[in-house]
1. Only one of Arg182, Arg158 is of a type outside the set (A, V, I, L, M) and under 19 Å from the mean Cα position of the chain (by Cα). Can you tell me which?
2. Scan region 63-79 and tell me whether some residue there is more than 24 Å from Gln173 (Cα to Cα), surrounded by fewer than 15 Cβ atoms within 10 Å (Cβ to Cβ) and among the hydroxyl-bearing types (Ser, Thr, Tyr).
3. Condition first: acidic (Asp, Glu) and exposed (fewer than 15 other Cβ atoms within 10 Å of the Cβ). Now tell me which residues in region 37-55 satisfy that.
4. When you go through Leu38, Leu29 one by one, which is the residue that is within 25 Å of Leu174 (Cα to Cα), of a type in the set (A, V, I, L, M, F, W, C) and assigned to a strand (DSSP E or B)?
5. Can we say Ala106 is without any contact (Cβ under 8 Å) to a residue 60 or more places away in the chain and of a type in the set (Gly, Ala, Ser)?
6. How about region 109-161: which of its residues are among the small types (Gly, Ala, Ser), assigned to a helix (DSSP H, G or I) and over 18 Å from Gln173 (Cβ atoms)?
7. Of the residues in region 168-192, how many are under 28 Å from Leu29 (Cα atoms), among the β-branched types (Val, Ile, Thr) and either in contact with a Ser or Thr (Cβ under 6 Å, 6 or more places away or on another chain) or open to solvent by 70 Å² or more (accessible area, probe 1.4 Å) (or both)?
8. Which one of Pro34, Pro1 is at pLDDT below 95 and either surrounded by 13 or more Cβ atoms within 10 Å (Cβ to Cβ) or within 22 Å of Ala167 (Cβ to Cβ) (or both)?
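The values are calculated or read from the model by the stated rules, or taken from the named source; none is laboratory data. The structure presented is a predicted model; accordingly, all values stated were derived computationally and were not measured. A quick note on method: Cβ atoms are made from the backbone with ideal geometry, for glycine too, and the neighbour counts reach across all protein chains shown. Surface accessibility is based on the protein's heavy atoms, side chains included, excluding ligands, DNA and RNA. Shrake-Rupley method; radii C 1.70, N 1.55, O 1.52, S 1.80 Å.
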Amino acid sequence: PEPLRIAVIVGSVRTERIGHTVSAWFADLVARRPDLSLDVIDVADLPLPLAGPSREPAPEAAAVLAESRPRLARADAFVVVTPEYNHSFPAALKNAIDWHREEWQAKPVGFVCYGGFSAGLRAVEQLRQVFAELHAVTVRDTVGFQGGAAAFDQGVPRDREPAEAAAKVLLDQLVWWGRALRQARATHPYGA
């Protein structure tokens, strides 16, 4: 079958973020699988107004959406890479999610998270509610890194084997849901 198109969403925009490190590690695992194709979308590259979304966006926002909407629409599945800030996920990530709607519908979403003691899992639990409202299906298993940047050394997790095992479980679940929902959307278009 045609490879499943996975969009990895880098959810942090902070200057000193480790989101690139975490996302690059995960994207490398995706790229190794012949059953997957990869697109990395960085929320920092989506300068969308915080006052939106609006029905008729300003020209600057319309230009950003003209690029981001087709990329998200092409994806069969998503993996959101998010930090946990103050028991939640970044505002820029929520803004980017909110500016898109149909692109998420009837597609699976997985999560790779990082943070302090909770490893980012509190952010993921809130994101599950957001994606449910957008008619997306979140997969159960998550890859989480406790301690943020301290969990990585030279671009790879310090505990590499368990991290790669968790990523394989996440990707296997995402592939199952992604194929099932891609077939369902093709035979019976989703209408929310």
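1. On the way: Arg158 fails: under 19 Å from the mean Cα position of the chain (by Cα).
Testing whether each residue is of a type outside the set (A, V, I, L, M) and under 19 Å from the mean Cα position of the chain (by Cα) leaves just Arg182.
2. no
3. The initial filter retains those residues of region 37-55 that are acidic (Asp, Glu), namely 39, 42, 45.
Listed by number, the list holds a single entry, Asp45.
4. Numbers: Leu29 fails: assigned to a strand (DSSP E or B).
It is Leu38.
5. Details: without any contact (Cβ under 8 Å) to a residue 60 or more places away in the chain: no; of a type in the set (Gly, Ala, Ser): yes.
Here the answer is no, as Ala106 does not meet what is asked.
6. Ala123, Gly148, Ala149, Ala150, Ala151 - these are the residues of region 109-161 that are among the small types (Gly, Ala, Ser), assigned to a helix (DSSP H, G or I) and over 18 Å from Gln173 (Cβ atoms).
7. Start the filter on region 168-192 by keeping residues that are under 28 Å from Leu29 (Cα atoms), which leaves 168-186.
Subset that is among the β-branched types (Val, Ile, Thr): 169, 175.
With the extra rule that they be either in contact with a Ser or Thr (Cβ under 6 Å, 6 or more places away or on another chain) or open to solvent by 70 Å² or more (accessible area, probe 1.4 Å) (or both), the set shrinks to none.
Total satisfying the criteria: 0.
8. Numbers: Pro34 fails: at pLDDT below 95.
It is Pro1.
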